[in-house]
1. Taking Glu94 as the residue in question, decide whether it is part of a helix (DSSP H, G or I) and touching a residue at least 60 places away in the same chain (Cβ under 8 Å).
2. Which ones in region 10-52 are of a type outside the set (A, V, I, L, M), modelled with pLDDT of 95 or more, crowded, with 18+ Cβ neighbours inside 10 Å and not in a strand (DSSP E or B)?
3. Check Leu93 against each of (1) touching a Lys or Arg at 6+ places or on another chain (Cβ under 6 Å); (2) surrounded by 18 or more Cβ atoms within 10 Å (Cβ to Cβ) and name the one condition it does not meet.
4. For region 57-78, give me the residue count where each residue is in contact with a Phe, Trp or Tyr (Cβ under 9 Å, 6 or more places away or on another chain), hydroxyl-bearing (Ser, Thr, Tyr) and not in a loop (DSSP other than H, G, I, E, B).
Amino acid sequence: MTYAEFNAFCESLPATTYVVQWGGAHVWKVGGKVFAIGGWGEEDKPAFTFKTSEQNYYFLESKPGYKPAPYLAARGMKWIQYYEASDLENEELEYYLTESHRIVSLGLTKKKQKELGLNQG
């Protein structure tokens, strides 16, 4: 997945906003809360960071191409970085980005969720 594909996918999710911050990273938010980051890869290779469930975190941390996210996981947060971007993995990465969006949106207040039209049903 390229950064352009990453940005296009994240933009397709409901109620998202985009900002470039933290040293040029592509940061995607829902309700003002970060759910995905494109950037921080080694040797200028694409890397994608996202929030996971506890179960997915422990599954992915030992899977090739994935690792606990720098900075975030060290602080006890369940964030994973995918750093072996390939076309074969796009569908899997899209699943985890969608899940991250869902997890973060569920952490918003009920009022904010309703304002954004999220999780209503």
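1. Spelling it out, Glu94 is indeed part of a helix (DSSP H, G or I) and touching a residue at least 60 places away in the same chain (Cβ under 8 Å).
2. Once the filter is applied, which keeps residues that are of a type outside the set (A, V, I, L, M), modelled with pLDDT of 95 or more, crowded, with 18+ Cβ neighbours inside 10 Å and not in a strand (DSSP E or B), region 10-52 yields Cys10, Gly31, Thr52.
3. Of everything listed in (1) touching a Lys or Arg at 6+ places or on another chain (Cβ under 6 Å); (2) surrounded by 18 or more Cβ atoms within 10 Å (Cβ to Cβ), Leu93 misses just condition (1).
4. The number of residues fulfilling the criteria is 2.
The values are calculated or read from the model by the stated rules, or taken from the named source; none is laboratory data. Quantities reported herein were computed from a predicted structural model and do not represent experimental measurements. Positions of Cβ are backbone-derived with ideal geometry, glycine not excepted, and every protein chain shown enters the neighbour counts.
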